[in-house]
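*Asks:* The structure is given below, and queries will be raised subsequently.
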Amino acid sequence: AEGVKDTAAIRVAATLLPEGIVGAPQRPQGPRRKALFVGICYEGTEWYLPKCHEDAEKMKNYFCGHWGFSDTPEDIKVLMDGKGASESTRPTRANIKAAMKWLVDEAVPGDSLLFFYSGHGSQQANWNDREKDGFDETLVPVDAQTCGQLVDDEINEILVQPLPAGVRLTCFLDSCHSGSGLDLPYRWNPYMEEGASWHLDEGGVYADADVICVSAAAEDQTAKGIPCMGERPDFPSGAFAASWCVACEVHETQCKMNWKEMLGIVKDVCADFKWGQNVQLSSSQNFDLTREFNFHDCIPNSNDKKGPVVNAGMPGFPRRNRLMDPSFSGFKVP
């Protein structure tokens, strides 16, 4: 598409689901909506982050109040650290992996899933030659120093690859270095010139489901918090999450928007905060950016292959990175 063609025809076409492939729920009781929210403050450590608990709770309340998710143990999981957290709900590496598996378990066409993460993101050395900069992006569990980080390859394997065509998964990563945090094959940069389209991420992995990931910052950027935003009872403190809430408020109260328009608002609000973080959009499908903004629609799988976009070690995919830089220590503490 050349620019935004915000017409009813395009909006409808973007959400049409071919009969027998996607769309019609395969459960008698209708489609299922499940969500996982993770907020990590790292209390009592040098990594301490304020407000991540509140942000996870506020985003849970938003999605339950506005997008039809049910706040029941069967449909919602929340992992948070701090006083009073049980061993089963602490955001340890093992618990986050288990919760991700719970989220995608038994998903069938028609289901819509959501994952929100507020905490540290980092990078660590990549050794399979599928990252041009030599780093994997990571999420940092509360026990990362003893049990390790969650690497993007592993997150993709757990959260994305098991899903069949016809399932919708939307992820929000409010963390540093999160630009390609799910290793999805298609990337769109809201900061490019008008008319720019998706580009293929050579480090990505093709998938069948309709997966959309919105990240707080590019791989080489950090994500920031805006404490004053959290003074509103319904707004998170993370600059990225707060920007999304602003865009959602416009979408709900002023005019219905498409994904390109939503990203434009988020980009502008983040720019107003002047923290130098660029929101990123990645996807498993190369969809029209004028597709109506929604968390429950689903488009068919348009990928004709599975597996990595570029196989490890292929010619033309050199290890041009910072691994030989003597200042790189291997484990990047947030």
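*Asks:* If you take the residues of region 58-85 that are of a type in the set (A, V, I, L, M, F, W, C), in contact (Cβ under 8 Å) with a residue 40 or more places away in the chain and in a loop (DSSP other than H, G, I, E, B), which of them is least open to solvent (accessible area, probe 1.4 Å)?
*Replies:* Here the residue is F69.
*Asks:* Given the criteria more than 26 Å from L159 (Cα to Cα), acidic (D, E), at pLDDT 50 or above and in contact with a Gly (Cβ under 9 Å, 6 or more places away or on another chain), does E43 qualify?
*Replies:* Considered against the rule, which asks whether it is more than 26 Å from L159 (Cα to Cα), acidic (D, E), at pLDDT 50 or above and in contact with a Gly (Cβ under 9 Å, 6 or more places away or on another chain), E43 comes out as yes.
*Asks:* Within 15 Å of G203 (Cα to Cα), acidic (D, E), at pLDDT below 95 and open to solvent by less than 50 Å² (accessible area, probe 1.4 Å): which single residue out of D174, D153 fits that description?
*Replies:* Checking each option against the conditions leaves just D153.
*Asks:* Only one of (1) open to solvent by 30 Å² or more (accessible area, probe 1.4 Å); (2) touching a residue at least 12 places away in the same chain (Cβ under 8 Å) fails for S88. Which number is that?
*Replies:* (2)
*Asks:* Yes or no: region 301-309 includes at least one residue that is at pLDDT 90 or above and open to solvent by less than 10 Å² (accessible area, probe 1.4 Å).
*Replies:* No - not one qualifying residue is present in region 301-309.
*Asks:* Still on this model: What do you reckon, is R130 at pLDDT 95 or above and basic (K, R)?
*Replies:* Values: at pLDDT 95 or above: no; basic (K, R): yes.
When the stated conditions are applied, R130 does not pass them.
Each row is one residue, and each column tells you yes or no for (1) part of a loop (DSSP other than H, G, I, E, B); (2) closer than 30 Å to V108 by Cβ; (3) touching a residue at least 40 places away in the same chain (Cβ under 8 Å).
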position	(1), (2), (3)
E193	yes, no, no
C213	no, yes, yes
A217	yes, no, yes
A223	yes, no, yes
D234	yes, no, yes
E249	no, no, no
K260	no, yes, yes
I265	no, no, no
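*Asks:* Also, quick follow-up: If I ask for residues that are over 23 Å from K224 (Cβ atoms) and modelled with pLDDT of 95 or more, which ones from region 74-88 would you list?
*Replies:* Passing the criteria: E74, D75, I76, K77, V78.
*Asks:* Any residue that is open to solvent by less than 50 Å² (accessible area, probe 1.4 Å), over 15 Å from S118 (Cβ atoms) and more than 19 Å from the chain's Cα centre (by Cα) - is there at least one of those in region 28-51?
*Replies:* yes
The values are calculated or read from the model by the stated rules, or taken from the named source; none is laboratory data. Being a predicted model, the structure only gives us computed values, none of them experimental. Please note: Cβ atoms are built from the backbone with ideal geometry, for glycine as well, and neighbour counts cover all protein chains shown. The accessibility values were calculated without ligands, DNA or RNA, using every heavy atom of the protein model including side chains. Shrake-Rupley method; radii C 1.70, N 1.55, O 1.52, S 1.80 Å.
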